[in-house]
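The values are calculated or read from the model by the stated rules, or taken from the named source; none is laboratory data. Note that the coordinates shown come from a computational prediction; the quantities given were computed from them, not determined experimentally. Cβ placement follows ideal geometry from the backbone for every residue including glycine, while neighbour counts extend to all protein chains displayed.
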């Protein structure tokens, strides 16, 4: 791991209790606190996601109505660029109206485009017009029958990434402005080899000459969902080591936690490597056989802790 991981701070997201409280109260000081906290901890970008969650229902109109107040307030306390996270073009169109580029150090990010988005051309055009970086979700792809589904192979991930890179390059967005997210599953429920697919895809993306210069990121907190609370930060750091070794250079993460990767020779990294290896199908295995073997090994790790 030669390079420091670029961190996109994720605390301004309604999945977190403090952000949810700030949203419910339309509390700009609450958002300012979260923005400054993450900036002071070294985050290079700040996610802004006011969308709904399982615990919270939010209408698009509500989000858009709050942007003229919220974005200038965040920019009052930090020069760190914002990553605008929403599936709707209308949200992004309104967001850039109120975002002052003179008050930030670097390009903002449009999060995200994927094959399931309905306004891909509009999002690309907006990113071009406002000189934004752009996140590509490559965890879903077009299937042989033309339908959209989850990426199930390295070829799926690389293929959809190449598809978007070509479109973005043609529009004037070079590879170094593209952040690819190949998708990450919780290790506690990964019975289909999705984590191994993520790591294999990172290696393949990094090795593809057509994709030279792209950035690669995942949502790190997804990895430890469902694991014992005291193990979550160490598990995230262990996975971060494996992903960085594979070629990942960015990460969406909580800067309050230790976002530094573990060393590759640390015991937990070695243990997670071995557990994931058990999740690779052997002769006569189904993917499910391997997945449940991986889960059994993970449970042994918890029992030994």
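Observations
- Those residues of the range 243-256 which are under 15 Å from the mean Cα position of the chain (by Cα) and assigned to a helix (DSSP H, G or I), in sequence order: 243, 244
- Of the residues making up the range 188-200, those that are over 16 Å from residue 159 (Cα atoms) and more than 16 Å from the chain's Cα centre (by Cα) are 188, 189, 190, 191, 192, 193, 196.
- Just one of the numbered conditions (1) surrounded by 16 or more Cβ atoms within 10 Å (Cβ to Cβ); (2) under 17 Å from the mean Cα position of the chain (by Cα); (3) not in a strand (DSSP E or B) is not true of residue 293: (2).
- Inside the range 208-236, residues that are farther than 22 Å from residue 266 by Cα, assigned to a loop (DSSP other than H, G, I, E, B) and touching a residue at least 40 places away in the same chain (Cβ under 8 Å) make up a count of 4.
- With respect to the conditions (1) surrounded by fewer than 16 Cβ atoms within 10 Å (Cβ to Cβ); (2) at positive phi, residue 193 lacks only one, and its number is (1).
- The range 263-290: number of residues that are free of Cβ contacts under 8 Å to residues at least 40 places away in the same chain, more than 26 Å from the chain's Cα centre (by Cα) and part of a loop (DSSP other than H, G, I, E, B): 5
- Flag if residue 246 is touching a helix residue (DSSP H, G or I) at 6+ places or on another chain (Cβ under 9 Å), over 23 Å from residue 113 (Cα atoms) and modelled with pLDDT of 95 or more: yes
- Selection status of residue 96, closer than 21 Å to residue 217 by Cβ and either surrounded by fewer than 18 Cβ atoms within 10 Å (Cβ to Cβ) or in contact with a strand residue (DSSP E or B) (Cβ under 9 Å, 6 or more places away or on another chain) (or both): no
- Condition check for residue 110: modelled with pLDDT of 95 or more, within 22 Å of the chain's Cα centre (by Cα) and within 19 Å of residue 253 (Cβ to Cβ): no
- Screening 205, 240 for residues that are touching a strand residue (DSSP E or B) at 6+ places or on another chain (Cβ under 9 Å), within 25 Å of residue 49 (Cα to Cα), at pLDDT 95 or above and in a helix (DSSP H, G or I) leaves exactly one candidate, 240.
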